[in-house]
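Contents: one structure, followed by commentary.
The values are calculated or read from the model by the stated rules, or taken from the named source; none is laboratory data. Source: prediction; values computed, not measured. Note: ideal-geometry Cβ built from the backbone for every residue, glycine included; neighbour counts use all protein chains shown.
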């Protein structure tokens, strides 16, 4: 039981649920409602979707394990009670789990390719495994590079789905073209949201973990630029994200989507405003951890907003 709890903590089970939820909701609430009325078969069927979700979840879990593996010393400073490698799980077992789980994730993606002929999916899966390993080994210690990489991989969770329907852009039927473009627009919207909110959270986590990062020679944003400049960086992205949500609200208002607008105002814009307000008051790890938790909550509410498209499309 103790080992199982350690494994669940190591793979960040809530984050894996976020990934699976994102892909399932985007598929069931956007792709299928757009294509089904036109009797267009999606490039990825439901069985293929299951294996795509498993691939994404397994590769992400392996990424979290290898990240903890390389962060043992830093985590002993930043999160002394949360690190399970060396205290519960040996380094050898952690590396073995990483290899098995990432390998399974790639195999699942190969199966998706066999069923769908979408050749880029297994290549992207291999690329994600490699990039997560390199990120954990060295890139996360660099200025901005690691943050941007993780944010791109977060956005890829959605991109991999809407790109599968981009093939319809070559169709002759105007209805098919319109359906493809609608999926791509919504996919880009949610990918942009995922990218920006991830950039914000990664920067806040860097501010939270500054002591351990500094002790072991990392060159993260708060260390290189200082806390004040890092807060301005986060504040700018918060403003960009709030503007993105408001512009989207203004666009859908012409269709009288009042409930989605109310939802996004209360559960996305207000929390983002709270983060902005508290950001410049935060000064210690506890305050930054609270802001990181609120940011994660906004990630969840952003994901759940996809449900509205099931009823409005």
Counting only residues that are surrounded by 13 or more Cβ atoms within 10 Å (Cβ to Cβ) and at pLDDT 95 or above, segment 241-256 contains a total of 7
Of all helices (runs of 4 or more DSSP H) completely enclosed by segment 141-219, which ones contain at least 2 residues that are touching a helix residue (DSSP H, G or I) at 6+ places or on another chain (Cβ under 9 Å), modelled with pLDDT under 95 and surrounded by fewer than 17 Cβ atoms within 10 Å (Cβ to Cβ)?
174-208, 210-215
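Out of 104, 124, I need the residue that is closer than 30 Å to residue 237 by Cβ, in contact with a helix residue (DSSP H, G or I) (Cβ under 8 Å, 6 or more places away or on another chain) and at pLDDT 95 or above. Which one?
Details: 104 fails: closer than 30 Å to residue 237 by Cβ.
Just a single option satisfies the conditions, and that option is 124.
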Out of all the residues in segment 298-312, is one or more at pLDDT below 95, more than 23 Å from the chain's Cα centre (by Cα) and either surrounded by 15 or more Cβ atoms within 10 Å (Cβ to Cβ) or under 24 Å from residue 155 (Cβ atoms) (or both)?
yes
Run residue 32 past the list (1) part of a helix (DSSP H, G or I); (2) under 20 Å from residue 165 (Cβ atoms); (3) touching a residue at least 40 places away in the same chain (Cβ under 8 Å) and report the number of the one that doesn't hold.
(3)
Tell me which residues, restricted to segment 15-59, are at positive phi and under 23 Å from the mean Cα position of the chain (by Cα).
none
Among the listed residues 65, 34, identify the single one that is closer than 30 Å to residue 178 by Cβ and at pLDDT 85 or above.
34
Considering only segment 108-121, how many residues are assigned to a helix (DSSP H, G or I) and touching a residue at least 12 places away in the same chain (Cβ under 8 Å)?
9
Only one of 72, 59, 44, 31 is closer than 21 Å to residue 135 by Cα and surrounded by 18 or more Cβ atoms within 10 Å (Cβ to Cβ). Can you tell me which?
59
State yes or no: is residue 91 touching a strand residue (DSSP E or B) at 6+ places or on another chain (Cβ under 9 Å), at pLDDT below 95 and either within 19 Å of residue 220 (Cβ to Cβ) or surrounded by fewer than 18 Cβ atoms within 10 Å (Cβ to Cβ) (or both)?
yes
